[in-house]
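This report refers to the structure that appears directly beneath it.
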Amino acid sequence: MFLRIIPRSQLPGTGACIAHRLGLPSQVQQQLPHVARRRSVAQHRSIVILHRPPAAHPPRPWKYRASDRYRYRSCASFVSPSSPSDAMSITIPPARLLSQKSHVVPGQLYVTEYFFRVPLDYSNPSAGEITLFARSVRKHEPSIIPRSAAQLEAVPRLPFLAFLEGGPGFGNREPQDHPITRNILNRGYQILFLDYRGVGLSTPINAQHILGLGDAQAQADYLKHFRADNNVRDCEAVRKYITAPLPLELRPWSILGQSFGGFVSLTYLSTHPEGLNEVFMTGGLAPILRKPEDVYRATFKKVVERNEAFYRKYPEDVENVHRILAFLAEAGGVPLPSGGLLTGKRFLSLGLSFGGHSGIDNVHSLVHRLAADLDQFGFLTRASLSAVEQSSSLDNNPVYAILHEAIYCSQPGVASNWAAQRVAAEVDEFAWVRDEASISRAKPAYFSGEMIFPFHFETQPELRELKPAAELLAGFDGWDKLYDVDRLRGNKVPVFAASYIEDMYVDFELARETASCVAGIKVFETNAMYHNALRSKTEELLDNLFRLRDDSID
């Protein structure tokens, strides 16, 4: 079932959005003026399409009621600094190519691997350089007449779409293994998969390198350069190099940002919209008007709901989880195969998976496996511990832990100060974050979600080495501005976003706040998909996203 929101410009003398109700029961129709009251709508697996064309004046906010935990914030009431900061207006030179190798892979794909050099600090190029890694992929069309290497390597006259991965802290998989590759190539693009700085093969952050930089302050100062603002500058540097052979009209590129990649996309729109032809986002409408505490108050609420869903589906796991926690507490933690420690707190952080398709089932599988070990042996086997370790380790993606809360510090003067830990103290179900002894067998033990706590830096060996720097970053409030709300209000770049009503990671209501700040955005909203739909329901999601671009709304 569909709801269509009429653009404000088409409404006769009213400031309220009018919804066309297409075949929904009357009791659901009565709920529609307040879209945030979405439970009755959700029962009908609705899909909502929102459309607002670019306007000469700042767009007015949508009217709806937020939850009782926090109020909807009007974009129009948000006061942005009078002009972009110097850090946001830095001129970006093209990246310097180090190497370029091409090969054909199964599936008729022509893949080129690039290594580039770019400044660590674009405002101070003399501070040194880092290496970026990227792969481009296009269709390989075999020819009856053999082509020379130069002909094969020539950049085809096709528009580029750059994929911006989620995270922060994760690199890209091989193009032939990526779920979007064939769908996007079939739409007439060539794709660039660029590993963000500090992840994948782009000068990846690791304890040995960071510790060699000096004391904790020197380490923290280096790590400050690995946020979304510099991810955008890196994208621009690479874009200027890789599209240089193309006609002028093909040099601005398209971007597709998944989750954190959507956060980066909004920073891109705020700082270098001249480099963009169009923007697609999936689950990435960042809470640009909010501080870290606001974000976690919203997401903890959703994590509670996902825990309730978990225990409704697997009621036997109430007792199984308590048995596992008791075993871990009595043992004082169990060493993991790669050197970490499985404590009760680390075990309860497995709820990070709850927000994706099959996430609840995956957590149950681990709980079931550990409970079976205790039943059969009275201890946890290496195979089971390895499975838990793979599901909970951040040692291979330290940026995710070190800079996770910093993605919500979007203006100068805002420090995270371990915001998730502070908000957890306000929620009874997560009192264990500070005091594991607070867990009572009289009620289910709740798993945490996408939150980083100080204990992560105590139970994982790579992170343990970086804890002093992480503490300094948690207290740092001198971050550069990530978003220019005034520029977003006057945006001219076509933007198409997918937003998930039941999103555990990017709160739906806060995502709506953000959408109200971006002129011309079209948003596909659904409660039939979770946050990882780009991987789990690729074709369905991309079809809906591109339909926003290609179809018209009367």
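Rounding to the nearest 20 debye, state how big the charge dipole of region 365-424 is about its Cα centre with +1 on each Lys and Arg Cβ and -1 on each Asp and Glu Cβ. It would help to have the intermediate numbers written out before the result.
Working: 3 positive and 5 negative charges, 20 e Å.
I would put it at about 100 debye.
Place +1 on the Cβ of every Lys and Arg and -1 on the Cβ of every Asp and Glu in region 276-317, take the dipole about the Cα centre, and give the residue among VAL279, LEU289, PRO315 whose Cα lies farthest towards its positive end.
LEU289
Among the chymotrypsin sites (Phe, Trp or Tyr not before Pro) in region 391-483, which ones are in a DSSP loop with at most 14 other Cβ atoms within 10 Å of the Cβ? Mind listing them?
none
With every protein chain kept in the model, how would you rank HIS178, HIS368 by accessible area, 1.4 Å probe, largest at the top?
In descending accessible area the options line up as HIS368, HIS178.
Expressed as a whole number of Å, what is the distance separating the alpha-carbon centroids of region 463-523 and region 161-184?
Going from one Cα centre to the other spans 20 Å.
For region 184-326, give the percent of accessible area contributed by carbon and sulfur heavy atoms, probe 1.4 Å, rounded to a whole number.
Working: 2150 of 4100 Å².
Here carbon and sulfur together make up 52 percent of the probe-accessible area.
Is there a quick way to get the dipole size of region 148-305? I mean about its Cα centre, with the Cβ of Lys and Arg at +1 and of Asp and Glu at -1; what is the value in debye to the nearest 20?
Details: 16 positive and 16 negative charges, 60 e Å.
Its charge dipole is roughly 280 debye.
If you count only protein heavy atoms with a 1.4 Å probe, what accessible area per residue comes out for region 285-421, rounded to a whole Å²?
The answer is 36 Å² per residue.
Quantify, in whole percent, the carbon and sulfur part of the accessible surface of region 428-554 (1.4 Å probe; protein heavy atoms only).
Result for region 428-554: 44 percent of the exposed heavy-atom area is carbon or sulfur.
Just to make sure I understand: if all protein chains stay in place, what is the order of GLU509, GLU471 by accessible area at 1.4 Å, largest first?
I get GLU471, GLU509, largest accessible area first.
How much accessible area per residue does region 204-263 have, counting only protein heavy atoms and a probe of 1.4 Å, in square angstrom?
With the other protein chains kept in place, region 204-263 gives 32 Å² per residue.
How many Å² of accessible area per residue for region 441-554, probe 1.4 Å?
I get 32 Å² per residue for region 441-554.
Using the Cα centre of region 207-298 as the reference point, and only Cβ charges (+1 on K/R, -1 on D/E), how large is the resulting charge dipole? Debye, rounded to the nearest 20.
So the dipole magnitude of region 207-298 works out to roughly 80 debye.
Could you tell me which GluC sites (Glu not before Pro) in region 302-333 are loop residues by DSSP with no more than 15 other beta carbons within 10 angstrom of their beta carbon?
Working: sites: GLU305, GLU308, GLU316, GLU319, GLU330; in loops: GLU316.
Here the sparse-neighbourhood loop sites are GLU316.
What is region 309-384 by shape, rounded, prolate or oblate, if you read a ≥ b ≥ c off the alpha carbon gyration tensor as root eigenvalues and call it rounded for a/c under 1.5, prolate for a/b larger than b/c, and oblate otherwise?
Prolate, since a/c reaches 1.5 and a/b exceeds b/c.
Please list, in chain and number order, the residues 5+ apart from MET281 or on another chain whose amide H is under 5 Å from its amide H, with Hs placed from the backbone.
Result for MET281 returns GLY257, PHE496, ALA497, ALA498.
Could you list which residues have their amide H under 5 Å from that of GLU129, counting only those 5 or more apart in sequence or on another chain, with H placed in the peptide plane?
Under 5 Å from the amide H of GLU129: LEU120.
Run the accessible area of region 339-389 with a 1.4 Å probe and give the carbon-and-sulfur part as a rounded percent.
Working: 940 of 1840 Å².
Percent of accessible area from carbon and sulfur atoms in region 339-389: 51.
May I ask which residue of PHE260, ALA331, ALA244 lies farthest towards the positive end of the charge dipole of region 218-350, with charges of +1 (Lys, Arg) and -1 (Asp, Glu) on Cβ and the Cα centre as origin?
About the Cα centre, the residue reaching furthest to the positive side is ALA331.
The values are calculated or read from the model by the stated rules, or taken from the named source; none is laboratory data. Owing to the predicted nature of the structure, the values given are computational and were not obtained by experimental measurement. Here the Cβ is made from the backbone with ideal geometry for all residues, glycine too, and neighbour counts use every protein chain on show. We work out accessible area using only protein heavy atoms, side chains counted, and drop any ligands, DNA or RNA first. Shrake-Rupley method; radii C 1.70, N 1.55, O 1.52, S 1.80 Å.
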